[in-house]
Amino acid sequence: MSTIIKQNGFTNETLDWKAWLDVVDLDRATPEQMDVLEMSHPKAKVQDYYRFLAHQPAILRQRSEAFNAIMYAPGGLARADRELSSLAVSRINGCVYCASVHAQRFEQLAKRNDTVAQVFDDPASAGANDREKAIVRFSIRITQAPEEIGPSDIQALKDVGLNDAEILDLLHAAAIFAWANRLMLNLGEPELARQG
């Protein structure tokens, strides 16, 4: 278990998420709902988030296919960098649940948590090296002022070694969390995970 970080209302602890609206009852779920839950995430059948979104299985299928391709596809941007972008966007958007999940995933992949503490404390200056700092800064900028992104923002990423495929992956990772965070923030709330 990594060191627990709690800063500014954010944590790397494992959280649950409780929907404010009714979730799909698995005993009454349609075959299409069960199928989309199975393809979405290994724990989708026990998580309120997926069980709520399963009310619209076609949309959940599209969401899960896009999310899984963006976050887990081989090649392009390293997985740790995708998680770092997701963490930064979630921190800026105020999504405590998503920030905790992606903090943990970054820690697992990077084998350290210094950058997580920095993102929780002061995202604008976070990053253990120039590459991480550029990824976090771009993720913040695309979240706060997407209409202002221009060639200089892309060049800043190239200057720290990102190639075109990595930049596109970074943009996808940051962009999908505009969607993911808004669903989480407006459909329910995080709570400490039950132990045992």
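I'm trying to understand the selection: among the residues of the stretch 46-59, which are in contact (Cβ under 8 Å) with a residue 12 or more places away in the chain and closer than 30 Å to ALA110 by Cβ?
Correct list: GLN47, ASP48, TYR49, TYR50, LEU53.
Return the residues of the stretch 149-178 that are under 20 Å from the mean Cα position of the chain (by Cα) and among the β-branched types (Val, Ile, Thr); say none if nothing qualifies.
Within the stretch 149-178, ILE167, ILE176 meet the criteria.
Search the stretch 1-57 for residues being small (Gly, Ala, Ser) and closer than 24 Å to ASN93 by Cβ, and hand back the single one that is surrounded by the most Cβ atoms within 10 Å (Cβ to Cβ).
For the stretch 1-57, the residue satisfying everything is ALA54.
Would the stretch 111-134 turn up any residue that is surrounded by fewer than 15 Cβ atoms within 10 Å (Cβ to Cβ) and within 21 Å of ALA180 (Cα to Cα)?
No: the stretch 111-134 contains no residue that is surrounded by fewer than 15 Cβ atoms within 10 Å (Cβ to Cβ) and within 21 Å of ALA180 (Cα to Cα).
Considering only helices (runs of 4 or more DSSP H) fully contained in the stretch 70-156, which possess at least 1 residues that are in contact with a His (Cβ under 8 Å, 6 or more places away or on another chain) and closer than 18 Å to GLU166 by Cα? Walk me through it before giving the result.
Working: elements: 79-93, 96-110, 114-121, 130-144.
Once the helices (runs of 4 or more DSSP H) in the stretch 70-156 are filtered for at least 1 residues that are in contact with a His (Cβ under 8 Å, 6 or more places away or on another chain) and closer than 18 Å to GLU166 by Cα, what remains is 79-93.
Every read-out reported here was derived from the displayed coordinates using simple, explicitly stated rules and does not represent laboratory data. Values in this document were obtained by computation on a predicted structure and should not be read as measured data. Please note: Cβ atoms are built from the backbone with ideal geometry, for glycine as well, and neighbour counts cover all protein chains shown.
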